[in-house]
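Let me begin by presenting the structure, written as structure tokens, before commenting on it.
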Amino acid sequence: QQQVKQSPQSLIVQKGGISIINCAYENTAFDYFPWYQQFPGKGPALLIAIRPDVSEKKEGRFTISFNKSAKQFSLHIMDSQPGDSATYFCAARKWDSWGKLQFGAGTQVVVTP
Amino acid sequence: DTEVTQTPKHLVMGMTNKKSLKCEQHMGHRAMYWYKQKAKKPPELMFVYSYEKLSINESVPSRFSPECPNSSLLNLHLHALQPEDSALYLCASSQPGRQTTDTQYFGPGTRLTVL
């Protein structure tokens, strides 16, 4: 049973365009929502994270939007670049869980030149 | 330094072999994790160590045996694996505790192939 649902499964965007990835969750006990970026053959790397008391967080070209009432959050990649081509995972974690992350299924993003 | 190192990068083993995966971090983290990742899938948690004690075992088969000899090192001992155990094995570390929300830093992984 997947606790975090992620869509789309894959995404193709032109250079300079906006990539949008959506995630939804059911468990209201989640209180930390990170996004990880993973390149082929590498481990996931933390991209950006948000807590539910904040509706938006921006770091460079990456923005998380968080809708607590809808139990949804999304990642926006502005001015997408070919170097952004990777798999993106959203995740969620409960405060009282020894750090256990619940990952979404992942979105493969391809940015065309 | 936010680096988690893993050795070896690649490992091929037969079903009767015994091998070990190693993970090391020098960030002063006292929580360390083992994950298994199949192609095009998210990482799946296997084990969590907090202050060198096993906190979570996600019902992993006994052919996988974790060990945390000190606060910087984490091993995964492998014995009598099956071909379906072939995957990328990831190590991660963070600050410890049942109530932590600290960032987990992942290593590059060990690509394991079981013949």
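A few comments on the model shown:
- Considered as a group, the residues in the range A:79-105 that are modelled with pLDDT of 95 or more and in contact with a Lys or Arg (Cβ under 7 Å, 6 or more places away or on another chain) include one that is surrounded by the most Cβ atoms within 10 Å (Cβ to Cβ), and that residue is A:Gly104.
- B:Ala92 vs. criteria of a type outside the set (Ser, Thr, Tyr), within 11 Å of chain A (Cβ to nearest Cβ) and touching a Phe, Trp or Tyr at 6+ places or on another chain (Cβ under 7 Å): yes
Table: residues versus (1) outside any strand (DSSP E or B); (2) modelled with pLDDT of 95 or more.
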| position | (1), (2) |
| --- | --- |
| B:Pro42 | yes, yes |
| B:Phe47 | no, yes |
| B:Ile56 | no, no |
| B:Ser65 | no, yes |
| B:Cys68 | no, yes |
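- Subset of the range A:34-56 (residues that are more than 14 Å from chain B (Cβ to nearest Cβ) and not small (Gly, Ala, Ser)): A:Glu56
- In the set (1) without any contact (Cβ under 8 Å) to a residue 24 or more places away in the chain; (2) over 20 Å from B:Lys38 (Cα atoms); (3) assigned to a loop (DSSP other than H, G, I, E, B), A:Gly41 fails one condition alone, (2).
- Screening B:Gln104 with (1) within 10 Å of chain A (Cβ to nearest Cβ); (2) within 12 Å of the chain's Cα centre (by Cα) gives one miss only, at (2).
- Screening A:Ser80 with (1) in a loop (DSSP other than H, G, I, E, B); (2) without any contact (Cβ under 8 Å) to a residue 12 or more places away in the chain; (3) small (Gly, Ala, Ser); (4) away from chain B (no Cβ under 14 Å) gives one miss only, at (2).
- Taken over the range A:83-113, residues that are within 14 Å of chain B (Cβ to nearest Cβ), of a type in the set (D, E, K, R) and in contact with a strand residue (DSSP E or B) (Cβ under 9 Å, 6 or more places away or on another chain) amount to 3.
The values are calculated or read from the model by the stated rules, or taken from the named source; none is laboratory data. These figures come from a predicted structure and were not determined experimentally. Virtual Cβ from ideal backbone geometry, glycine too; neighbours counted across all protein chains shown.
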